[in-house]
Number of protein chains: 2
Amino acid sequence: MLSKKTKYGLKALAFLANQNDRHPIAIAEIADHENISQKFLESILLSLRRTGYLGSKKGKGGGYYLIKDPSEIPMTTVMRALEGPIAMVSCVSLNFYEKCEDCPDEQSCAVHKLMLKVRDSALDVYRNTTLADLIIQVPYSQ
Amino acid sequence: MLSKKTKYGLKALAFLANQNDRHPIAIAEIADHENISQKFLESILLSLRRTGYLGSKKGKGGGYYLIKDPSEIPMTTVMRALEGPIAMVSCVSLNFYEKCEDCPDEQSCAVHKLMLKVRDSALDVYRNTTLADLIIQVPYSQ
DNA sequence: TGAAAACCTACTAAAACTATAGGGTAAATA
DNA sequence: TATTTACCCTATAGTTTTAGTAGGTTTTCA
């Protein structure tokens, strides 16, 4: 199941992408519009900022804004920042690889074989989907 | 992350598929071979039995065995029995659909749009992968 | 200088997951 | 009839994750 953190993070990004211009929008405004606890959203936006696609400005009139065009923001980065590894087991993770302590041989492991396929297909989706795809109605996307 | 229940379940199925014949194998033997707590495996095999692909026999010489050929056992059924819904949010689930209570409109929801794609790609993998694919070394599967 | 807003740390309540344990019932075999 | 093994139920303890909450610090603008 997708965590609320990821849900909220995606909704917040979509909200920012839907703005006409790129002026800063306060956390409070986003939280209010998307029905998210402000404090919770605060921590979410903070982790999204580390992707480099989200900028912030402090003080009066400050807030968060997209640094790049939505079409240049791939879901791979966003999902890794929000949900963590895309792989369902660490032994097939590209960025967070770790050997399973109980598995003697990865090559012959059924779990490994299956999860490798699942990871590849998920990666394919995330790499080919940008924030722009999530807000514009495309009749026959793909 | 994949639960241990699913990991163990897949390993147990693969172990059964690797047998020469289809005679019953006791839980204790599977648990021992795959390093799984016997009681835990017991409950896992029970839920797998409900898929109709796994048979059991009580009494002396009893145990679990595959009812169908591994090539006829699709991962869709297995994963649903072990992990539950394939979709990451209930609003895109085929078998467990439920409307998100906080989302006013699915059509315009960014989370919905993205997770629909992810579900489709995962389904594609599970539908086209059978238990046989997880045990036999196929050079260029797909 | 004061207000507004992001930033940062720490804490917490609840839920889920993992694994084990115990107990008993039902069915099959010898 | 005795043994073996699956079936089924409950409980529990420990750990981790989730979804926040609280409170203070820093930066920026007017």
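The values are calculated or read from the model by the stated rules, or taken from the named source; none is laboratory data. Since this is a predicted model, take the numbers as computed values, not measurements. Here the Cβ positions follow ideal geometry from the backbone for every residue, glycine too, while neighbour counts run over all protein chains shown. Surface accessibility is based on the protein's heavy atoms, side chains included, excluding ligands, DNA and RNA. Shrake-Rupley method; radii C 1.70, N 1.55, O 1.52, S 1.80 Å.
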Once you average over the residues of B:10-21, how many Cβ atoms of partner chains fall within 10 Å of each Cβ? 2
Could you grab the relative contact order for the stretch A:86-129? Cα pairs under 8 Å, six or more apart, rounded to a whole percent. 41
Spin-label proximity, A:S90 to the stretch B:17-36 - amide N less than 20 Å from point 7 Å beyond Cα toward beta carbon: B:35-36
In sequence order, calculated HN-Hα J values of the stretch A:112-124 (Karplus, 6.51, -1.76, 1.60; Hz; x Gly/Pro): 4, 4, 5, 5, 5, 5, 5, 4, 4, 6, 5, 4, 4
If you wrap a convex hull around the Cα atoms of the stretch A:58-142, how much volume per residue is inside, in Å³? 125
Just to confirm the number: angle between the C-alpha axis of helix A:38-49 and the first principal axis of chain A, 0 to 90 degrees, nearest 10? 70
D_trans [Stokes-Einstein, Kirkwood Rh over alpha-carbon pairs] for chain B, 4 °C, 1.567 mPa s, µm² s⁻¹: 78
Row for the protein assembly as shown, column shape: gyration tensor on C-alpha, a ≥ b ≥ c, rounded if a/c < 1.5 i.e. under 1.5, prolate if a/b over b/c, else oblate; value prolate
Given points 7 Å out from each Cα along the Cα-Cβ axis, report the B:N35 to B:K58 separation in nanometres with one decimal. 3.4
By average Cβ neighbour count within 10 Å, what is the ranking of B:24-30, A:31-37, A:85-91 from highest down? A:85-91, B:24-30, A:31-37
What value, in deg cm²/dmol to 500, does the helix sum -39500 (n - 2.57) over DSSP H runs of n ≥ 4 give at 222 nm once divided by the residues of chain B? -13500 deg cm²/dmol
How big is the A-B contact in terms of buried accessible area, both chains counted, 1.4 Å probe, rounded to the nearest 100 Å²? 3200
Treating the beta-carbon of each Lys and Arg as +1 and of each Asp and Glu as -1, no other charges, what is the dipole magnitude of the protein assembly as shown about its Cα centre, to the nearest 20 debye? 420
How far, in degrees from 0 to 90, does helix A:4-17 lean away from the longest principal axis of the Cα atoms of chain A, to the nearest 10? 50
Note down the magnitude of the dipole of the stretch A:80-119 about its Cα centre, charges +1 on Lys and Arg C-beta and -1 on Asp and Glu C-beta and zero elsewhere, to the nearest 20 debye. 260
Could the peptides B:48-59, A:73-84 be put in order, highest first, of the mean number of other beta-carbon atoms found within 10 Å of their residues? A:73-84, B:48-59
Note to self: C-alpha centroids of the stretch B:66-142 and the stretch B:1-40 sit apart, in Å, by 22
Which semi-axis lengths, in whole Å and largest first, follow from the square roots of five times the eigenvalues of the Cα gyration tensor of the stretch B:86-129? 21, 11, 6
Shielding by other protein chains, A:81-87, mean Cβ within 10 Å: 1
Per-residue mean of other chain beta-carbon atoms within 10 angstrom of the beta-carbon, peptide A:120-126? 5
